[in-house]
1. Among 293, 308, which is the only one that is over 18 Å from the mean Cα position of the chain (by Cα) and either touching a residue at least 12 places away in the same chain (Cβ under 8 Å) or outside any helix (DSSP H, G or I) (or both)?
2. Can you find, within region 209-230, the residue that is nearest to residue 356 (Cα to Cα) among those that are of a type in the set (A, V, I, L, M) and either assigned to a strand (DSSP E or B) or within 16 Å of ligand 2 (Cβ to nearest atom) (or both)?
3. How about region 304-317: which of its residues are surrounded by 15 or more Cβ atoms within 10 Å (Cβ to Cβ) and over 14 Å from residue 118 (Cα atoms)?
4. Of a type in the set (A, V, I, L, M, F, W, C), away from ligand 1 (no atom under 12 Å from the Cβ) and at pLDDT below 95, is that true of residue 264?
5. Name every residue in region 37-71 that is assigned to a helix (DSSP H, G or I), at pLDDT below 95 and surrounded by fewer than 17 Cβ atoms within 10 Å (Cβ to Cβ), in order of residue number.
6. Being of a type in the set (Lys, Arg) and farther than 16 Å from residue 139 by Cα is the filter here; which residues of region 263-300 pass it?
7. For the condition in a strand (DSSP E or B) and touching a residue at least 12 places away in the same chain (Cβ under 8 Å), what is the one hit in 313, 281, 346?
8. Could you tell me which residue of region 72-105 is surrounded by the fewest Cβ atoms within 10 Å (Cβ to Cβ), considering only residues that are among the basic types (Lys, Arg) and assigned to a loop (DSSP other than H, G, I, E, B)?
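The values are calculated or read from the model by the stated rules, or taken from the named source; none is laboratory data. All figures in this text were calculated on a predicted structure; none of them were measured in a lab. Virtual Cβ from ideal backbone geometry, glycine too; neighbours counted across all protein chains shown.
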Amino acid sequence: MTRIGFAFNQKPDPAAFETSRRGAGASSSPGIDCSEHPSPSIDQFAEWDSPETIDAVESALSAYGEVIRLEATLDFPEKLRAARPDIVFNIAEGLNGRNRESHVPAICEFLGVPYTGSDPFTLTLCLDKARAKEALAYNQVPTPRFVVIRTVAQIRSALDRLTYPVFVKPVHEGSSKGITEANYCRTPTDLMVRASELLAEYDQPVIAEEFLPGAEFTCGILGNGDKARVLPLVAINFGALPAGAVPIYGFEAKWIWDVPENPLQIFECPAKIDLPLQRWIERVTLDAYNVTGCRDWARIDVRIDSAGVPNVIEINPLPGILPNPEENSCLPKAARAAGIGYDELIQSCLLAGAERCGLALSRRHSSVAA
Ligand SMILES: Nc1ncnc2c1ncn2[C@@H]1O[C@H](COP(=O)(O)OP(=O)(O)OP(=O)(O)O)[C@@H](O)[C@H]1O
Ligand SMILES: [Mg+2]
């Protein structure tokens, strides 16, 4: 039977995490050895997956073989060697540093184990918003003009290099960490203040980008080469934000205003747009996917500039995949709009990765009871 390794990072339980953090590295959360990582905060795990997501992915994978859980803890290399899977299904976000998403795929490559999703180079490239934009711009994929600011001393020289309003963000974070309404800078003074705060708080460079005022879309892709296809587009409905809010899908919209008791009606899927614009966005999305070397699946954020041109804001080669349809998770939502259920979405990624690696997979059992 096919052996499917499943690599993931599970969000620690907040209470257990606090106890372990205070306990000089005696972690009760498996694999979070605080003696090896300087003062992690619970925020660091925002991108990690919940037990519900991990169970749902495991269940979907099990249709194609025996699933071996390989939590991406410090002993991941030993566990992977011992498990000897035919393929690893990878959703591990990693812990520290700008190469964190690449650690699991790099270990798989080192040990010669095939795995799903993008390779270490692409994961690191896309996690660095500035480097990813350089690759896009060089290849004529539209992306907003930008400046990288590495130190407080560099802010002043950046102030007059862009047209305002400007949007500033940490260069290698995701899930809108460090992206709030305050990042919208109407003036050089705003940029001076917010860039200084972000440099101090996130201990990494920031990028200042020209703000795109048009509609925003997030676009899921499944598959590779000629078979890569863009799923129905998800439009961001800024009308759902509180009156007077800056039109961005940032920290407040993702983590404060969107609560399970009162979900923000922030997505429209399929997006109601005319066909030529839809095709244009799909083309830009596929170009970004190919230029950055994404594989099997990804989610790409696109926003329209003042001239009506779709621009790529960001590429997510490890897309969020919350299983609960009530929760705002774009890729599963886009897949549903295409008639692809959650299990089939996960399995499509598995099959695309297996095909790429020359591995033939077949269904283990029918979902119809015998
Ligand atoms: N140049 C820009 N112009 C207009 N809006 C922008 C720009 N850059 C970012 N935004 C807004 O901020 C949001 C978050 O930015 P971005 O997608 O780069 O961050 P992220 O936190 O990595 O996102 P994700 O949660 O998708 O990983 C975007 O969805 C968009 O609404
Ligand atoms: Mg984004």
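1. Details: 293 fails: over 18 Å from the mean Cα position of the chain (by Cα).
That would be 308, the only listed residue that is over 18 Å from the mean Cα position of the chain (by Cα) and either touching a residue at least 12 places away in the same chain (Cβ under 8 Å) or outside any helix (DSSP H, G or I) (or both).
2. So in region 209-230, the residues of a type in the set (A, V, I, L, M) come out as 212, 215, 221-222, 228, 230.
Next cut, either assigned to a strand (DSSP E or B) or within 16 Å of ligand 2 (Cβ to nearest atom) (or both) only: 212, 215, 221-222, 230.
Working: 212: 36, 215: 35, 221: 16, 222: 13, 230: 18 Å.
Result: 222.
3. If we filter region 304-317 for residues that are surrounded by 15 or more Cβ atoms within 10 Å (Cβ to Cβ), which is where we start, we get 304-305, 310-317.
Selection gives 304, 305, 310, 311, 312, 313, 314.
4. Details: of a type in the set (A, V, I, L, M, F, W, C): yes; away from ligand 1 (no atom under 12 Å from the Cβ): yes; at pLDDT below 95: yes.
Answer is yes for this residue.
5. Of all residues in region 37-71, those assigned to a helix (DSSP H, G or I) come to 42-45, 51-64.
Going one step further and asking which of them are at pLDDT below 95, we end up with 42-45.
42, 43, listed by residue number.
6. 272, 279, 295, 299
7. Working: 281 fails: in a strand (DSSP E or B); 346 fails: in a strand (DSSP E or B).
Every option except 313 fails the conditions.
8. Here is the first cut: in region 72-105, the ones among the basic types (Lys, Arg) are 79, 81, 84, 98, 100.
Then drop every residue that is not assigned to a loop (DSSP other than H, G, I, E, B), which leaves 84, 98.
Values: 84: 11, 98: 15.
Among those residues, the one meeting the criterion is 84.
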